[in-house]
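Reviewing the structure listed below.
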Amino acid sequence: MNILRGYWRTLRQYWATPKGRHDSLDYGRAVLFILLTILLAYLSLYVWGGIR
């Protein structure tokens, strides 16, 4: 369990730096775009009758 706390502490320290903050925003934006793309694909298949 101490190893997990160490990883968490290291991530928090990294996120506190300007580069870490920038990277986390980039990764969050990428995840958002991926989820929106999946949602758009699902909705388009649903509307055109591919999924019932």
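The values are calculated or read from the model by the stated rules, or taken from the named source; none is laboratory data. Everything quoted here is computed from the prediction, not taken from an experiment. Note: accessible area is taken over every heavy atom of the protein model, side chains too, but ligands, DNA and RNA are not part of it. Shrake-Rupley method; radii C 1.70, N 1.55, O 1.52, S 1.80 Å.
Relative to the first principal axis of the alpha-carbon coordinates of the chain, what is the inclination of helix 18-47, with its axis defined by its Cα atoms, in degrees from 0 to 90 and to the nearest 10?
The angle comes out at about 20 degrees.
Full-extension gain between residue 24 and residue 48, please, as 0.36 nm times their residue separation minus the C-alpha to C-alpha distance.
Separation in residues times 0.36 nm, less the Cα-Cα distance, equals 5.0 nm.
Using a 1.4 Å probe over the heavy atoms of the protein chains, calculate the carbon and sulfur portion of the accessible area of the chain as a whole percent.
71
Show me the three semi-axes of the equivalent ellipsoid for the chain, from the C-alpha gyration tensor (sqrt of 5 times each eigenvalue), largest first, rounded to whole Å. Don't skip to the end; give the middle numbers.
On the way: eigenvalues 282, 45, 3 Å².
With the √(5λ) rule applied to the chain, the semi-axes are 38, 15, 4 Å.
For the chain, with every protein chain kept in place, what is the accessible area per residue (1.4 Å probe, Å²)?
For the chain, the solvent-accessible area averages 97 Å² per residue.
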